Every structure is written in C-alpha cells, then in structure tokens.
Amino acid sequence: MRRYGAGYMEPVIEAQGLTKDYGELRAVDGVSFSVPKGAVFGLLGQNGSGKTTIIKMLTGQVKITEGDCSILGVSPKVDPVRVRSLIGIIPEQETPPSFLTSIEYLQFVGRIRGMGDIDEKAEFWFDFLDFADKKDVLCKDLSRGTRQKLMFAQAFLDSPEVAVIDEPLINLDPVMQRKVKDFLKSYTKDGRTVFISTHILENAQEICDSFAVLHRGALLYTGSVAELNEKGRKLDDLFLELVNRA
Amino acid sequence: MFEIFVCMLKEEWRMHSTLFGNLNFALFPILIFGMAFMGTFLIPFTSRLMDVNMLAVSIHSMYCIMGLMVGSFGIMGKEMMNRRFGQGSLLIHSARSLPISERRLFGNFVVKDTLYYFMLWILPFCLGFLIASPFNAISIHYPLLMFVTASLAFLTGMCTVFILSSVYSRSRAALYAVIVLAFAAFVALYLLSGDIMRVMRLFMLPSEIFLNFSFPLLIISAAVIIVLFIPAIFLFSPETHAGEKRYIAALCPLYDRLSRLPFIRGGIDAEKVSEKDFVYAAAQKELTIIAKDFIDLHRSGIGIGQTLFSFVLPVGLIWLVLSVLSDVLMPEQIFMVIAAVTGIIASTMYTWLTEFESFSAYLFLPVKVSSIIRAKIMTFSVLHVVPAVFLIVIAAVTGVLASAVFAIVFAFSVSYYALAIMVRYSGLSPSLMLYSASFFLRYSLFLMPPVIILLGLAFIATGFSLAALILIIPSYFLLKGSFEKWDREDLPGF
C-alpha cells in the first residue's frame with residue numbers, strides 16, 4: 001500500500017483488514033486504507049466492487065465480519081451511533097421519507113442529530129442548491145435530482161467534520177454538478193474531510209486528493225491524484241490497467 | 001402472455017422466499033394442511049358451541065379477507081414497493097418501460113395471484129379437510145366443494161379491492177360513498193330480516209353455495225366476480241400521478257404537542273440536549289420518529305384503510321360470528337372473547353407502522369434500532385384508542401358496558417404481549433410472521449396457551465380478566481431483550 005506524501009495530517013478514517021461476508025459471498029476482502037485529515041478521498045470501483053459495503057461498514061450500518069475501522073477515532077464496532085453522529089452521510093440509493101415535505105425532512109434529520117437553528121441552516125441549503133420552491137412538496141413527488149439535493153442538504157446540515165458520500169453527483173444536472181464539485185473542494189480547506197465513492201473517474205480526478213481502487217471486494221491500489229497529474233496520467237487509464245491486470 | 005405469467009409466478013415465489021427463507025416459506029402450506037387436518041377432528045366438538053353454518057361463513061369470510069389483503073398489496077404502487085423492498089418493484093409496474101399494456105399486465109397479475117394463493121392457502125387447507133373428513137363421518141362432497149367455494153370467496157375479496165382501488169384512484173369521496181352504501185345495505189337487510197346469519201350468507205355467497213349448493217347460485221357468484229373485475233380492469237392504473245402535493249410543515253408543531261402528552265417524556269428542549277445527556281437525546285429522537293409516524297399515517301391514507309380492513313372488518317366479523325353463540329355463552333363471556341380477539345388483532349397495528357417503512361432511511365442517521373422500535377411502540381400505544389373505542393361501542397350495543405373496563409385491560413394486555421413476541425422474533429419486520437412457518441409456530445405457541453387460560457378465567461368471572469395484567473411481566477422482559485438483540489444484530493432484510 002502506498003504511503004501518502006509529507007504534509008498530510010493524521011488519518012481521520014482508518015480501515016484495517018475490513019471484511020464482509022454475506023453468507024458464502026465475500027463482498028469485501030481484507031481492505032485496509034487510511035484517509036488523512038483535510039483530504040477529499042475517493043474510493044473507486046466498478047458496480048458491485050464493494051464500495052457501498054465498505055461505506056456501510058465504516059458508518060456502522062452493517063456489521064463487520066472481520067477487521068476493524070474508525071472514523072475520528074471511534075470504531076463502529078464499539079459505537080456505531082456515535083460514528084454516525086459525528087459525520088454526514090449521503091447513501092447511494094436512498095430516498096427521503098415519502099410523506100414528509102423537504103423542509104420537514106431536514107427538520108427530522110436536525111432533530112435526530114440534536115441540532116439547533118435547523119430552519120436557518122435548512123434555508124441556506126435550499127438557496128444554495130436552488131430548490132427553495134420545493135420546500136413544502138412531499139418527498140415522494142420530488143424529482144430524482146431534487147431528492148439528491150435534499151440528501152446532500154441533510155448530510156451537510158450540521159457542517160460535519162467528515163462527510164461520507166456514495167456517488168455525490170448522481171442525478172444532478174451539469175450546473176449543479178459544478179456547484180457541488182466546487183463545494184466539496186472548498187469544504188476541506190479548514191481541515192474537514194470528505195470521503196466519496198464513485199465509479200465516474202473524471203469527477204474523482206477533478207475533486208479528489210487521494211484515492212483507492214477497489215475490484216471484486218479487494219483493494220488494488222491507493223495513490224494521490226497530484227502524483228498522477230504530475231505524470232500526466234488519467235485516472236481512468238490507470239483504473240482500466242489495474243482492473244485488466246487483476 | 002405466458003412468459004409474463006411465468007415471470008410473475010417466479011417473482012411472487014422469490015419475493016416470499018427472499019424474505020422468509022426457502023424452507024420456512026415452503027413449510028407454510030404444510031402448516032396450513034396440518035391445521036385444517038387437525039381442525040376437522042375438532043368439528044364434532046365445536047359444533048356443540050358453534051353452528052356449522054356459522055363455521056362455514058367464518059371460513060369463507062376469512063378467505064374473502066385474504067383476497068382483500070392480497071389484492072391491495074399488489075396494486076399499492078411503486079412507492080409502497082420501494083418502501084417495502086427498497087429499490088424493488090413488481091412486474092405489474094413494468095408498463096412504464098416495456099411495450100406492454102397495463103391491462104395485459106394486470107390481467108396476468110390477477111391470474112397469477114389466483115393460482116399462487118390457491119396453491120398456498122386454499123389447496124393445503126382443502127386437502128387437510130378432505131383427508132380428515134372420512135375419519136369424522138363428513139361427506140366428501142363438502143371438502144371437494146370447498147375447493148371451489150373458498151376460491152370464489154378469495155376471488156370476491158380480491159376483485160372487490162381492485163374495483164375499490166380503481167374508484168379511489170378517481171375519487172376518494174366516491175370510495176367512501178361506496179363503503180357507506182355497502183354498510184347501509186347490510187344494516188338495512190339485517191333490520192328487515194332480523195336474521196344476521198341470513199344476511200351474512202347473502203353477502204358471503206360462496207358460503208351459501210357451500211351449505212346449499214345450486215348451479216344458479218354458483219353462476220351468480222361467478223357473475224359477481226366478473227362484474228367486479230371487468231370495470232376494475234378498464235379503470236385500472238397501478239399509479240396515478242396527482243401532481244406535487246404541498247403541505248405546511250407539521251413535524252415541529254406535532255413534536256411540540258406530543259412532547260406534552262403525559263406518557264411520552266415531556267418537556268424535551270433541544271437546548272438542554274447535550275452529548276452526555278443520552279436519555280434526553282434518545283427521547284428527542286424517539287419523539288421525532290413518533291411525529292413522523294403520525295404524519296405518515298395521516299398523509300398516506302393508510303391509517304384509514306388499515307383501520308377498516310385490518311381491524312374493524314375482521315373484528316366486526318368475529319363479533320357477528322360470536323353473537324350467534326348467545327344461547328350457549330353469556331353476553332359477558334362473548335364480550336371477553338371479543339376482547340381477546342381485539343387484543344390479538346390490535347397488536348397487528350405494529351405491522352401497519354412498519355410494513356411500508358423504509359428502515360434503511362434511518363440506518364445512516366445517529367439513531368439506534370432500539371430507539372426506532374421504541375418510537376414505533378409509542379405510536380402503537382397512541383393508536384390503541386381505536387380498539388378501546390371499538391370495545392366501548394360493542395359493550396354499549398350489547399348491554400355489557402359494566403364489563404368495558406375489564407375488557408379493555410384484557411385486550412391491551414394481550415395486545416402488548418403479542419407485540420412483544422413479534423418484536424422479539426422479527427424486530428422491525430413483523431410481516432415476516434405471515435409466511436414463515438417457524439415464526440408463525442413460535443408466535444402461536446407463545447401466545448395462544450396463556451390467552452386461552454386467561455380467557456377461561458374471564459369466563460368464570462369478568463373481574464378475573466384483570467389477571468391478564470400478568471402478561472406485563474413476560475412482555476417487559478421480551479421487549480428488553482429485543483432492544484439489546486436488535487442493537488447487536490443486522491436487521492433482517494437490510
């Protein structure tokens with residue numbers, strides 16, 4: 001496993017030998033990596049490579065079969081609820097509760113997180129992501145793109161130290177994708193960390209500082225985008241090379 | 001056409017076997033066979049208490065209600081399927097992406113459901129009845145006829161819900177009008193004839209065919225099904241897009257109102273919540289979920305539909321069935337049986353609150369599974385006003401108002417005990433019990449013996465029904481263990 005360059009701060013996310021079995025199927029096999037503070041880290045892989053399972057293990061949504069991990073020093077094996085209280089999460093395939101309106105859903109998330117000033121923070125996100133006109137619309141009547149904006153808002157509502165995002169740009173139009181990319185890059189400037197998983201490599205090369213490549217549940221490679229750019233290499237070429245070799 | 005039918009059959013099997021396990025689900029019809037086989041041996045004894053006519057009406061009504069349930073589940077739309085199965089959806093909705101008409105899909109769906117549930121419920125039941133009949137001097141004519149009449153009852157229920165949902169999709173007011181008219185017709189016929197059995201057999205025509213077979217009646221019953229089905233298939237649309245629905249934000253005001261209820265931890269102030277104050281933090285989360293539950297029930301319309309089909313209809317039917325035992329049992333004793341049944345059916349309100357919820361939506365939030373379960377139990381508790389009112393109404397109508405309090409205590413004790421068993425073995429997925437043989441057996445073995453014993457005590461004297469309060473003890477320990485268990489394990493199905 002490659003080490004990160006000098007200047008990176010201590011890791012906020014660490015995984016050691018993470019393994020997940022679903023019956024006889026080994027979905028994730030002994031994955032280890034670390035994410036330094038203040039980085040945008042990309043977990044890259046094809047569909048079905050185990051990215052979402054890793055995210056679920058990191059965030060305590062599913063039990064870990066073997067190995068361990070921690071976010072901000074807290075292990076989901078010990079206290080999964082505490083892990084989720086410290087971070088913001090956008091799951092890949094989630095839709096907000098059908099019969100709440102957009103604003104109600106943010107209030108719901110805010111109350112669960114024990115936040116104050118929920119309405120003020122919600123207003124910011126409605127304006128920033130340009131869906132204030134959908135505030136009082138039932139979530140089941142929102143388009144997929146608007147639901148994704150809402151899920152984005154709920155994850156960042158409390159400005160978490162660490163954000164874990166599964167496919168951040170899915171269903172967003174090009175204008176919104178640009179806005180979100182710029183936001184994610186700027187979010188880490190004061191030491192916060194973003195962990196994204198994606199199979200869209202152009203986006204990963206654009207916004208990530210470091211990355212890991214996953215294939216059939218196993219880690220193939222970790223590296224930094226800066227080094228890749230210095231060599232004039234594209235991430236998708238590297239990815240295809242690694243996957244074809246595996 | 002045949003490929004669609006075969007795929008739908010496979011889909012139905014896989015849906016159930018994925019949820020319950022292949023073996024568990026495959027054992028279910030064997031369980032039904034066993035119950036029917038053994039139940040046939042009890043007919044000579046039960047016939048002393050309950051008229052055979054009433055037994056026939058009850059069984060056919062049960063199949064009719066099953067038809068209602070099966071029909072309503074399949075057509076509830078992609079939204080409900082998403083909530084129930086995550087990103088899953090049924091083939092019946094594939095007209096959106098395939099060059100096939102909704103009507104053709106719907107037609108296949110109806111045939112598939114009829115065959116599938118005939119194999120699952122009707123065939124094993126009738127086979128059990130058939131094989132046991134010679135040992136009990138019951139003519140083979142009856143179990144053979146039951147294959148037909150039970151199917152007719154099931155189809156009547158299923159087609160009724162199809163036409164009702166088609167009406168509802170066009171006008172909610174029209175649906176309510178139809179239901180009110182049907183109820184009024186039932187009451188009017190009862191008042192005219194003075195014979196509840198006669199009216200029930202008229203409304204449940206397959207049972208009349210079973211008891212007094214005639215070809216004209218058979219044709220009429222089939223015609224009723226066709227008359228219900230044909231308009232349904234022309235009016236049918238699995239999804240209707242009614243545009244964006246907008247609501248004024250109700251979560252926070254409802255949260256504030258609920259926090260003032262005495263039995264919900266009150267006075268929760270967000271500013272007082274700190275990271276170390278876990279008790280207040282947990283209570284705040286639970287209250288938020290409870291507020292969301294009530295909004296869900298109100299805006300989805302499930303509350304009203306479920307109240308009618310899952311509570312009022314079955315309990316009302318059982319009340320009618322038991323009322324003919326007035327020659328054998330005292331009114332207070334009949335009322336206690338109603339209370340026991342009400343308690344068991346009331347416990348299924350937990351199923352209402354969980355069946356169409358997508359719990360993966362909670363799992364990425366900082367909330368424990370036990371908190372979600374506790375919140376559901378609190379909502380469940382508030383909904384108990386429904387069975388309480390129901391029992392008071394029955395007590396007033398039957399002249400046993402003095403027994404109402406005892407009945408409510410009895411019913412609530414049974415309800416919470418049944419809930420505790422469900423939570424212990426299924427967590428947030430109580431609909432598992434429906435087709436999982438092992439779960440269904442455990443549930444029955446834990447629940448029925450104490451309820452029967454307590455019912456026996458209540459028969460001796462109404463005041464003895466207070467002994468049901470003893471169920472609080474096992475309920476407490478079952479629930480306590482459940483909270484620890486589901487915080488430790490992955491939830492089934494997620």
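The values are calculated or read from the model by the stated rules, or taken from the named source; none is laboratory data. Everything numeric here is computed off the predicted structure, so don't read it as measured data. Heads up, the Cβs are rebuilt from the backbone with ideal geometry, glycines too, and the neighbour counts pull from every protein chain shown.
Could you please let me know if B:Gly86 is out of contact with any strand residue (DSSP E or B) (no Cβ under 7 Å at 6 or more places or on another chain), modelled with pLDDT under 70 and surrounded by fewer than 18 Cβ atoms within 10 Å (Cβ to Cβ)? It is true that B:Gly86 is out of contact with any strand residue (DSSP E or B) (no Cβ under 7 Å at 6 or more places or on another chain), modelled with pLDDT under 70 and surrounded by fewer than 18 Cβ atoms within 10 Å (Cβ to Cβ). Out of the residues in segment A:129-167 that are of a type in the set (Asp, Glu) and facing chain B (nearest Cβ under 9 Å), which is surrounded by the most Cβ atoms within 10 Å (Cβ to Cβ)? Going through the qualifying residues, I end up with A:Asp141. If I filter segment A:47-54 for residues that are in contact with a helix residue (DSSP H, G or I) (Cβ under 9 Å, 6 or more places away or on another chain), buried (at least 23 other Cβ atoms within 10 Å of the Cβ), within 25 Å of B:Val369 (Cα to Cα) and touching a residue at least 40 places away in the same chain (Cβ under 8 Å), do I get at least one hit? Scanning segment A:47-54 turns up no residue that is in contact with a helix residue (DSSP H, G or I) (Cβ under 9 Å, 6 or more places away or on another chain), buried (at least 23 other Cβ atoms within 10 Å of the Cβ), within 25 Å of B:Val369 (Cα to Cα) and touching a residue at least 40 places away in the same chain (Cβ under 8 Å).
Among the residues that make up segment B:45-61, is at least one of them more than 16 Å from B:Met197 (Cα to Cα), assigned by TED's automatic domain parsing to the domain that holds B:Ile122 and modelled with pLDDT of 75 or more? No, that holds for no residue. When B:His241 is tested against (1) at pLDDT below 65; (2) assigned to a helix (DSSP H, G or I); (3) within 10 Å of chain A (Cβ to nearest Cβ), exactly one condition is not met: (2).
For segment B:89-102, filtering for residues that are in a loop (DSSP other than H, G, I, E, B) and either modelled with pLDDT under 60 or surrounded by fewer than 20 Cβ atoms within 10 Å (Cβ to Cβ) (or both) leaves 6.
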